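The values are calculated or read from the model by the stated rules, or taken from the named source; none is laboratory data. Bear in mind that the values here come from a model prediction, so they are computed numbers and not experimental data. Here the Cβ positions follow ideal geometry from the backbone for every residue, glycine too, while neighbour counts run over all protein chains shown.
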Amino acid sequence: MRRKDREITDFHEIMNIINKCDTCRVALFDEEYPYIVPLNFGVDVQDEQVCFYFHGFTYLAFQLFSLMME
């Protein structure tokens, strides 16, 4: 974190921020240029363990996740 004075570490405060959002932007950089894809998502929390479920999986998003697996 670049600015420690603005860092949020409280789990409940982080979840309040996430719950206000309806889009998550996933960004990666492959060999030529960066990709960024906005995805709708859902969240499941169990014992402060967070699991994200993404919706809107397009061909470009498939490319992003393929890069992540390399």
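Brief remarks follow.
- Just so you know, in region 21-49 the residues that are β-branched (V, I, T) and either out of contact with any helix residue (DSSP H, G or I) (no Cβ under 9 Å at 6 or more places or on another chain) or loosely packed, with under 13 Cβ neighbours inside 10 Å (or both) include one that is modelled with the highest pLDDT, and it is V45.
- Cβ pairs under 6 Å, 6+ apart, first in region 24-50 and in contact (Cβ under 8 Å) with a residue 40 or more places away in the chain, second part of a strand (DSSP E or B): L28/Y35
- Output for region 1-20, where each listed residue is under 25 Å from F65 (Cα atoms) and surrounded by 11 or more Cβ atoms within 10 Å (Cβ to Cβ): I14, M15, I18
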